[in-house]
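Worksheet for the structure shown next.
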Amino acid sequence: MSTESATKRAATIALYGSGGVGALSAGLFGVIAAEGLLARWSIGMTADRPPTGDGLYGEDLAGPPVSFLLLGDSAAVGYGMTDVDDTPAAMVGWGLSHLLDRPVQVTSHAVVGARTSDLDAQIDLGLEAKPDVALIVVGTNDVTHRVLTTESARRLAEAVRRLREADCEVVVGTCPDLGTVQPLPQPLRLLARVWSRRLAAKQAVATLQAGGRVVSLAGLLGEVFATKADIMFGIDGFHPSRTGYANMISVVIPALAAAVRAEDLAAAYADQPRDMMTVSDAAIEAAQHGGTELVRTGRWAAIRRRKSTH
């Protein structure tokens with residue numbers, strides 16, 4: 001068996017099982033573990049938090065402020081940014097206020113390095129702001145720490161339900177495709193790709209079933225990041241640059257606005273028909289395509305695809 005075939009088999013077994021995880025050779029597990037440590041060392045991490053984007057945006061606009069809550073990991077925090085206007089919180093604040101033509105009060109409790117299991121503590125703090133709508137971006141650290149996808153999805157569903165019970169609309173940006181992150185060597189990169197896509201699909205199903213909306217972020221680290229890595233990635237080659245964060249926010253803002261308005265913002269989407277399919281099939285489809293929003297309608301899910309902004 002070739003090295004590439006063995007790697008693909010390793011990824012498949014790790015995710016789906018084939019006679020148990022024990023079927024994987026100890027040697028290959030050792031390689032993956034060692035490469036994981038090497039990747040973390042090369043990527044690095046800092047405890048420095050970007051400047052907070054919390055505050056009121058569009059204060060000169062009419063109408064009562066929309067309370068927006070941002071939760072999740074470093075992608076939600078804006079890891080690597082030094083200017084407040086370059087953080088996802090500020091980008092959402094400005095963008096959402098202009099799209100809704102209403103003030104937006106931004107509150108962020110996202111944490112660098114957070115996993116899905118950390119959302120509960122973030123929500124404890126976030127509910128004090130009485131949010132109208134929340135954005136959750138999480139999953140990357142679940143993959144890098146090899147958390148079971150079923151466990152991650154279960155915890156995400158609990159988080160979404162808790163917010164919905166507090167009358168807060170929820171949009172979840174699913175785990176991006178980590179297979180194009182260059183600091184991750186093979187075969188770790190292939191495993192990360194398969195695992196992140198699998199997690200994204202499970203996140204989509206869990207979110208829809210819990211009453212939230214889904215935006216696939218598979219494209220965030222997909223083709224555009226592979227072809228324009230010099231401008232889409234930050235200096236560590238792992239976290240997005242300012243342009244990368246702006247790309248992510250441009251995808252999720254229409255879904256946030258639609259959630260607040262409780263109606264579709266048809267003008268924000270491409271002139272493509274809505275595809276109706278089962279929740280499970282829609283989740284798998286969304287995991288493969290960036291900029292895809294899922295909205296549950298009874299037993300079915302509606303898929304909407306947006307044109308690329310790059």
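The values are calculated or read from the model by the stated rules, or taken from the named source; none is laboratory data. All of these numbers come straight from a predicted model, not from anything done at the bench. Don't worry about glycine lacking a Cβ; one is built from the backbone with ideal geometry, like all the others, and counts go over all protein chains shown.
Taking the criterion of being over 24 Å from HIS145 (Cα atoms) and in contact with a Leu (Cβ under 6 Å, 6 or more places away or on another chain), the only residue of the range 52-95 that qualifies is ALA89. Of the candidates PHE225, PHE238, the single residue that is at pLDDT below 60 and either outside any helix (DSSP H, G or I) or in contact with a helix residue (DSSP H, G or I) (Cβ under 7 Å, 6 or more places away or on another chain) (or both) is PHE225.
Given the residues ARG154, ARG164, which is the only one that is surrounded by fewer than 21 Cβ atoms within 10 Å (Cβ to Cβ), within 21 Å of ARG261 (Cβ to Cβ), over 15 Å from the mean Cα position of the chain (by Cα) and at pLDDT 90 or above?
Working: ARG154 fails: within 21 Å of ARG261 (Cβ to Cβ).
Every option except ARG164 fails the conditions.
Within the range 255-265, one or more residues are surrounded by fewer than 16 Cβ atoms within 10 Å (Cβ to Cβ), at pLDDT 60 or above and within 30 Å of PRO64 (Cβ to Cβ). In the range 89-139, the residue that is farthest from the chain's Cα centre (by Cα) out of those that are more than 21 Å from VAL260 (Cβ to Cβ) and among the acidic types (Asp, Glu) is ASP124. Taken over the range 63-96, the residue count meeting the criterion of being assigned to a helix (DSSP H, G or I), small (Gly, Ala, Ser) and surrounded by 23 or more Cβ atoms within 10 Å (Cβ to Cβ) is 6.
Of the residues VAL252, VAL172, the single one that is at pLDDT 85 or above, under 23 Å from VAL147 (Cα atoms) and in contact with a strand residue (DSSP E or B) (Cβ under 7 Å, 6 or more places away or on another chain) is VAL172.
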